[in-house]
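Written below as C-alpha cells is the structure these notes are about.
The values are calculated or read from the model by the stated rules, or taken from the named source; none is laboratory data. Small disclaimer: the values here were computed from a predicted structure and weren't measured. Quick reminder, even Gly has a Cβ in these numbers, built from the backbone with ideal geometry, and neighbours come from all protein chains shown.
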Amino acid sequence: MEKIASFTVNHLVLEPGVYVSRKDRFHDTVITTFDLRMTAPNKEPVMNTAEIHTIEHLGATFLRNHAQWKDRTVYFGPMGCRTGFYLLLEGDLDSKDIVDLMIEMFTFVRDFEGEIPGAKADECGNYLDQNLPMAHWLADRYLEKTLKCIDEKHLNYQE
Ligand SMILES: [Zn+2]
C-alpha cells in the first residue's frame, strides 16, 4: 500500500509548531488539514489521554462557537501518537492564517474554569477521563513556547 502523506514527514526533526499537513479538494471545496504539534515527537513525553480529551472538548466547543470560523470548522481532534491535534478547516489556507485563531483558542483552554462542556455521562464516551489542570498547563506551554513566538521554521515542515 502507498504511504500516506503524514507518514512521510520526518518526525525526527519535527518540533512543536503549526503546520499544513495536507490539502484535499472535493469538487470546488478545499479542506486544509493542520498539524498542531504540541510536543517534539520521540524526544519529549507525549500528552496523557485525559488532558488531550479535555483540550479536545474545549477546543471543539471554542471553534464551533467562533463567529468567524464556526461555519468553516470540519474537525478538531487528537493524533493517535498523542503529540498534537489535527484541525480541518474549509478553505485553501496557510499555517500563518490560523496563528491568531490558535492563540485565541489555546488562551480559551488555558483560562477555562468550571464545568467542561460535553463531559457528562450522557454526552461523552469516557466522561470521567478529563484533566483540566494539565490541559491548562499544556495550553500555556504551547502558547508561550510556540504560538506567541512562531517563526517560518515552525510554520513549515523542515526536510
Ligand atoms: Zn469526550
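Please go through the stretch 27-63 and give me each residue that is touching a strand residue (DSSP E or B) at 6+ places or on another chain (Cβ under 6 Å) and not acidic (Asp, Glu), ordered by number. Result: Val30, Ile31, Thr32, Thr33, Phe34, Leu36, Arg37, Met38, Ile52, Gly59, Ala60, Leu63.
For the stretch 118-125, the criterion of being in contact with a strand residue (DSSP E or B) (Cβ under 7 Å, 6 or more places away or on another chain) and modelled with pLDDT of 95 or more is met by no residue.
Does the stretch 142-158 hold any residues that are in a helix (DSSP H, G or I) and touching a residue at least 24 places away in the same chain (Cβ under 8 Å), and which are they?
Filtering the stretch 142-158 for residues in a helix (DSSP H, G or I) gives 142-145, 147-149, 152-154.
Matches in the stretch 142-158: Tyr142, Leu143, Lys145, Leu147, Lys148, Lys153, His154.
Of the residues Glu51, Glu15, Glu44, which is in contact with a His (Cβ under 7 Å, 6 or more places away or on another chain) and under 22 Å from Glu144 (Cβ atoms)?
Glu15
Can you name every one of the strands (runs of 3 or more DSSP E) wholly within the stretch 1-119 that holds 3 or more residues which are within 16 Å of the ligand (Cβ to nearest atom), free of Cβ contacts under 8 Å to residues at least 60 places away in the same chain and farther than 21 Å from Lys153 by Cβ? First the steps, then the outcome.
Working: elements: 17-26, 29-37, 73-78, 84-90.
Ranges flagged: 73-78.
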